[in-house]
Structure formats: C-alpha cells, structure tokens
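Student: Got a structure here, written out as structure tokens. Questions coming.
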Ligand SMILES: Cc1cc2nc3c(=O)[nH]c(=O)nc-3n(C[C@H](O)[C@H](O)[C@H](O)COP(=O)(O)OP(=O)(O)OC[C@H]3O[C@@H](n4cnc5c(N)ncnc54)[C@H](O)[C@@H]3O)c2cc1C
C-alpha cells in the first residue's frame, strides 16, 4: 500500500510559542485521549498468524469500524486491521461536530450539484447523525452524545448577502434553518447568523471504544499494531502485513483515509479552559474559506471546567508550522476573553473528496471497496460508508450510492 501521510503533523513536545509569547507547556495531543481508562479496548493484540475471514477491513477509524459493525450485525465474519490503536488516525484528532450544515455551504453545493442532489447529500448526513444517536442508545455507548444547535456567522465587516443565499439554499435542501440577530454568546457579537437546529456532538474515542466492544461481542476480530504492507483485491483478495502474516478474504474494504497530497490540508486545534456555562454548548462556525470551527465540551478541561475546542488556520502545506496555533489562540482570545489556560493543542490532516463529498463504494479492483476523502465531515461520511459499503458487500442497492461512487484515481490507495 502507498505510504500514508504523517498521522499527526505536530506531535510530541516541540516548543511552540503561545500568542502571549510564552512557550506552551503542553504535549500535543487531542483532548479525547485524556479518558485513558475508558479506552483500553482500542488496543488489541496484533495479527500473529495467517487467517481467513469473509471480509477484511483495513483501517479502524470511524469509517472502518462503522463498516465492520454494520456487517457484523448481519452475521458477516469481519476482521479489522489497524497499524495503530482503533481511532488512532484522524478520528481521534477530530473535533467531533456531527453536522449537516455542510462546509463549503449549501449555496455552493446547489450550484455544483443542483437542488435535488443537494437535498440528497443533506439527507444522507442528517440520517448519519440520527444513526449515530441510535447506535449510541442501542449499544448504551457512554460517549457524551448530545443534540446541539449550530451557528454560522460571518467574519466582521462582511455583508450578509452570503448568509441570505445560504439560508435559502439550505431550506431548499430541506433543512430547518433560522435567521438570528446574533449567536447566543455573551461578549462576542457575531452579528446576524444562521441557526441549524439539531446537529450533534460526541466524544469520538469513547464512541469508537463502545462500538469496538459491540463489534467484538458480535464475534468480530480486531488486530491493532498491525500494518498492512500489501492489499490486493480481485478474484482472491488478500492482505499481507509488514510482519509477514496474511488474511485471505472474499471482500476487502480499504478505510485508511488516504488520498493524494493535493487534496489534503493541515488543520489546527487549541482547547482552552472556560468558566462553566460561560459559552452555550453548541457548534459555531464562521464563513471564511478556511473557516474556524468551535464547540464546547462540558466539564472537559483538566481542572473540571468546560473546554472550548477551537479549530481552523487550515494550510495546504504538509509541515507543521507552530505559528498557526498562536494565530488560532489569538483569534479565540479576541472573541472569548473569558477563556483561560490552553489545556490541549493538536493538528491533523483533512482529506477532501470531490465536490465536498467523500468517495465511498466499489474500487476498480473486483471485490474491493474504498472510503476516502471525508473532508471536515469525515465522521458522518464514516457512518454513511458503514451502511453503503455494508449494502454493496451484501449485494443490495443503497440510496446514496450514486452520490459517493468513486470514479477516479483518488479512489486507489
Ligand atoms: C483537527 C480535525 C478536526 C476534524 N473535525 C471534524 C469534525 O468536527 N467533524 C467531522 O465529521 N470530521 C472532522 N474531521 C475529519 C474526520 O476526523 C476524518 O475525516 C475522519 O475521522 C476520517 O475517518 P476514517 O475512518 O476515514 O479515517 P481515520 O480515522 O484516519 O482512520 C484510518 C485508519 O487507517 C489506519 N491505517 C492507515 N494505513 C494503514 C495501513 N497500511 N495498515 C493498517 N492500518 C492503516 C490508520 O492508523 C487509521 O487508524 C476533523 C479532522 C481533523 C484533523
């Protein structure tokens, strides 16, 4: 398989300057890893002998585990292989907005896809949030899932015509969206904004930990610390690991979140302590092309107060540039003066698909399926992949297949 991107462009303990000129005294790691007691199940034993399985899934992030779970529910024998722990790729670095207020916007999507396909894309993400909620309850997952509203606002000084266009396009796509005088934030006057009702948020690693337990209960096999060196589809699919073991299978699913460099960007996150209740628990985004995205984790800070998780400063370059953390922190402090210490900072890669939609479906090689290019909605795309690939493997049609069908070289990993 192709060499993949560095998992965490900024990791370890590089010296990074705070916006106030002092070095951050933090190891770069996402806030989700602080619950280490809950997450042991994400670390399973590596593959240590040759095997056969009906389906092999390479990659145990949101996409791979969703595919594995849905297939296991139907009694299919599935083995998941991951070179790290489950969730150790971008899923564990995400900020875990579960949203159908699609990045790039409905107005643009409608201009590219037309109103009917836009409505279907929107519907697929809305259904994905509902399915995550359903799984959370059905499997009793302790993953802090909440339904929250989302607020989209302009940077200062920008006319509001873009929000008006967006409101109309989102409503044509079937969404419940409202125009508001400002977001419900004390201190920050966001100006007019759009409210998207009933979005979601959760703890991505607790969710995957629960899903992994459910998958194992269903008889699924998980091998972590198992790097796949070669994966071939065709009449007799097989994966071979770097350690020299192999699994023969009937169907192969590649959920490694790989893509060509040109379609990837680095994105940065800082998470700061907040006085409890000082920012309503909701999702917040601005409309910049490289937009800022924020959410609150109630009681999520290291001192037990709330945590404001803010992302943005996306860059196309691969190398980590610590200055982006300082710029992001400055942006947050200007708008949320009540924010206190930085508890966590991290960065990751976002892999974009085509026309804001991931590539999910049958690859060129027979008996092989891929999921890639989830962009900033990789978590909902992961659930969509779970059902879509589940249906394709079982030989059933899927209502979203035409939206996500991979047709081009990006699809190869
Ligand atoms: C900072 C940040 C914030 C984000 N915020 C959001 C958000 O709020 N909402 C949202 O929906 N999306 C968000 N995203 C995007 C989202 O995180 C990803 O799109 C999504 O997690 C991708 O899931 P995945 O399962 O496809 O990939 P991953 O989670 O990356 O999983 C792929 C797995 O494949 C494994 N792998 C790769 N190669 C091999 C190999 N050769 N052998 C074995 N294993 C291999 C990796 O170790 C990894 O565990 C964000 C991303 C970042 C970086």
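The values are calculated or read from the model by the stated rules, or taken from the named source; none is laboratory data. Here the structure is a predicted model, which is why all the values come from computation and not from measurement. Glycine gets a Cβ as well: all are built from the backbone with ideal geometry, and neighbour counts include every protein chain shown.
Student: Determine, yes or no, whether residue 72 is in contact (Cβ under 8 Å) with a residue 60 or more places away in the chain and either within 16 Å of the ligand (Cβ to nearest atom) or assigned to a loop (DSSP other than H, G, I, E, B) (or both).
Tutor: no
Student: Right, something else. Read through the list (1) under 28 Å from residue 250 (Cβ atoms); (2) out of contact with any helix residue (DSSP H, G or I) (no Cβ under 6 Å at 6 or more places or on another chain); (3) touching a residue at least 24 places away in the same chain (Cβ under 8 Å); (4) surrounded by fewer than 21 Cβ atoms within 10 Å (Cβ to Cβ), then give the number of the only condition that residue 185 fails.
Tutor: For residue 185, the exception is condition (1).
Student: Can you tell me how many residues within region 129-158 are farther than 21 Å from residue 176 by Cα and assigned to a helix (DSSP H, G or I)? Spell out how you get there, then give the answer.
Tutor: Restricting attention to region 129-158, the residues satisfying the condition of being farther than 21 Å from residue 176 by Cα are 135-144, 155-158.
If we keep only those that are assigned to a helix (DSSP H, G or I) as well, we get 135-138.
Looking only at that region, the number is 4.
Student: Now for a different question. Residue 240 versus (1) without any contact (Cβ under 8 Å) to a residue 40 or more places away in the chain; (2) within 15 Å of the ligand (Cβ to nearest atom); (3) more than 18 Å from the chain's Cα centre (by Cα); (4) outside the structural domain of residue 36 (by TED's automatic domain parsing): which is the lone unmet condition?
Tutor: All conditions pass for residue 240, except number (4).
Student: Suppose we filter 295, 273 for residues that are touching a strand residue (DSSP E or B) at 6+ places or on another chain (Cβ under 7 Å), farther than 27 Å from residue 385 by Cα and in contact (Cβ under 8 Å) with a residue 60 or more places away in the chain; which single one remains?
Tutor: Values: 295 fails: farther than 27 Å from residue 385 by Cα.
From the options 295, 273, the qualifying one is 273.
Student: In region 207-220, which residues are surrounded by fewer than 21 Cβ atoms within 10 Å (Cβ to Cβ) and either in the same structural domain as residue 163 (by TED's automatic domain parsing) or on the phi < 0 side of the Ramachandran plot (or both)?
Tutor: Once the filter is applied, which keeps residues that are surrounded by fewer than 21 Cβ atoms within 10 Å (Cβ to Cβ) and either in the same structural domain as residue 163 (by TED's automatic domain parsing) or on the phi < 0 side of the Ramachandran plot (or both), region 207-220 yields 210, 213, 214, 216, 217, 218.
Student: Okay, next question. Which residues, taken from region 310-329, are in a helix (DSSP H, G or I), over 8 Å from residue 268 (Cβ atoms) and modelled with pLDDT under 95?
Tutor: If the condition is that a residue be in a helix (DSSP H, G or I), over 8 Å from residue 268 (Cβ atoms) and modelled with pLDDT under 95, then 323, 326, 327 are the ones that fit.
Student: Here's a follow-up. So the check is Cβ under 7 Å with 6+ separation or different chains; which pairs have a first residue in region 84-102 that's over 22 Å from residue 130 (Cα atoms) and more than 6 Å from the ligand (Cβ to nearest atom) and a second one that's in a strand (DSSP E or B) and at pLDDT 95 or above?
Tutor: Pairs found: 86/222.
Student: Also: Those residues that are within 6 Å of the ligand (Cβ to nearest atom) and more than 16 Å from residue 211 (Cβ to Cβ), I need them from region 372-383; list them, please. Working first, answer last.
Tutor: So the first thing to find is which residues in region 372-383 are within 6 Å of the ligand (Cβ to nearest atom), and the list is 374, 376-380, 382.
Across region 372-383, the qualifying residues are 374, 376, 377.
Student: Now a separate question. Identify, from the list 45, 109, 117, 93, the residue that is buried (at least 17 other Cβ atoms within 10 Å of the Cβ) and touching a strand residue (DSSP E or B) at 6+ places or on another chain (Cβ under 8 Å). Break it down into steps so the answer makes sense when it comes.
Tutor: Values: 45 fails: buried (at least 17 other Cβ atoms within 10 Å of the Cβ); 109 fails: touching a strand residue (DSSP E or B) at 6+ places or on another chain (Cβ under 8 Å); 117 fails: touching a strand residue (DSSP E or B) at 6+ places or on another chain (Cβ under 8 Å).
Residue meeting the stated conditions: 93.
The rows are residues; the columns are (1) part of a strand (DSSP E or B); (2) in contact with a helix residue (DSSP H, G or I) (Cβ under 8 Å, 6 or more places away or on another chain); (3) buried (at least 17 other Cβ atoms within 10 Å of the Cβ); (4) not assigned by TED's automatic domain parsing to the domain that holds residue 65.
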residue: 257; (1), (2), (3), (4): no, yes, yes, no
residue: 277; (1), (2), (3), (4): no, no, no, yes
residue: 285; (1), (2), (3), (4): yes, no, yes, yes
residue: 289; (1), (2), (3), (4): no, no, no, yes
